[in-house]
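> Have a look at this one.
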């Protein structure tokens, strides 16, 4: 069994554009994958361990088939508080192939999904984006937005928080296809952007109290899903990455018009049908994406020298 660390993954030099390609591939394979809903347990209040299994379809070119399960946790006293690990198996024979650090995968697949959702659902001629919450998820999203459309110019409004906005601007200072503006008022951002990403990890109340502050034509991508429930019953269209994962949302049955974003990517749903529509894209986070990324990374590293653990299995049935 290989042990694949975050450093090993980062050393592969996987580009944001490649991350986006894997997201398109993931959604295209979704109908043939087995993707049970997440299973969370809660040690205390806002803490959790969540299991995310997925069985990928057989690769028609190689015959390979992978099963994986990601375990993501958020523990208040841990440093960092959020972390994840992925077990990857050969589904053809049950062999445990790798234990993979899931933190880079989680950040980049989340950012790639957000970038794909924005590009797919935004109104025509959109170029002004807003970002709330400026941690690694926001950075991954920005990397995928800029890397996915390097020919397009973006203007991005950042909600000020401590010195994170300034650090964010510094991180992307060498990118020629983006300009930044730091804003103190969340309502100003909400009223003036084409696409709004919320990367706030925990929202106990509405991000913007009055949903009427969101203009016609806006696309909102609440990456951590919380804080926009006051929009659920009034926005024109709402999309999710998987119905089983969002059907228990409080206002799901009151959504005006709902579909999975994969149906848009497959050309089975037009997505946005008017530049006046207000759209929400709830991407709850799929083990499908994690396992696709993990399998790609395993294939890139399987012949490399690195830490391994020998797992000795009995070859004959044994009796206790």
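The values are calculated or read from the model by the stated rules, or taken from the named source; none is laboratory data. Everything numeric here is computed off the predicted structure, so don't read it as measured data. Backbone-built Cβ (ideal geometry, glycine too); neighbour counts: all protein chains shown.
> From the residues in segment 25-42 that are surrounded by 12 or more Cβ atoms within 10 Å (Cβ to Cβ) and out of contact with any strand residue (DSSP E or B) (no Cβ under 7 Å at 6 or more places or on another chain), which one is farthest from residue 116 (Cα to Cα)?
37
For (1) without any contact (Cβ under 8 Å) to a residue 40 or more places away in the chain; (2) within 30 Å of residue 315 (Cα to Cα), each residue gets a yes or a no:
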{"residue": "30", "(1), (2)": "no, no"}
{"residue": "39", "(1), (2)": "yes, no"}
{"residue": "52", "(1), (2)": "no, yes"}
{"residue": "106", "(1), (2)": "no, no"}
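> Take segment 261-278 and flag every residue that is assigned to a loop (DSSP other than H, G, I, E, B) and within 11 Å of residue 237 (Cβ to Cβ).
269, 270, 271, 272, 273, 274, 277, 278, listed by residue number.
> Might you check whether a residue that is in contact with a helix residue (DSSP H, G or I) (Cβ under 8 Å, 6 or more places away or on another chain) and more than 26 Å from residue 247 (Cα to Cα) occurs anywhere in segment 84-91?
Yes, some residue in segment 84-91 is in contact with a helix residue (DSSP H, G or I) (Cβ under 8 Å, 6 or more places away or on another chain) and more than 26 Å from residue 247 (Cα to Cα).
> Does residue 15 qualify as being more than 27 Å from residue 313 (Cβ to Cβ) and crowded, with 17+ Cβ neighbours inside 10 Å?
no
> Going by the structure shown, is residue 242 farther than 22 Å from residue 126 by Cα and at pLDDT 95 or above?
It is false that residue 242 is farther than 22 Å from residue 126 by Cα and at pLDDT 95 or above.
> Which numbered condition trips up residue 258, out of (1) crowded, with 20+ Cβ neighbours inside 10 Å; (2) more than 19 Å from residue 115 (Cβ to Cβ)?
(1)
> Assuming residue 213 fulfils every condition listed in (1) in contact with a helix residue (DSSP H, G or I) (Cβ under 8 Å, 6 or more places away or on another chain); (2) within 17 Å of residue 200 (Cβ to Cβ); (3) crowded, with 17+ Cβ neighbours inside 10 Å apart from one, which condition is it?
Only one criterion is unmet by residue 213, namely (3).
> Can I ask one more? Residue 314 is checked against (1) out of contact with any strand residue (DSSP E or B) (no Cβ under 7 Å at 6 or more places or on another chain); (2) surrounded by fewer than 17 Cβ atoms within 10 Å (Cβ to Cβ); (3) touching a residue at least 60 places away in the same chain (Cβ under 8 Å) and fails just one. What number does that condition carry?
Single failed check for residue 314: (3).
> Also: What pairs come out if I take residues in segment 205-229 that are without any contact (Cβ under 8 Å) to a residue 12 or more places away in the chain and pair them with residues that are surrounded by 21 or more Cβ atoms within 10 Å (Cβ to Cβ) whose C-beta lies under 9 Å away, six or more apart or interchain?
Hits for this filter: zero, empty list.
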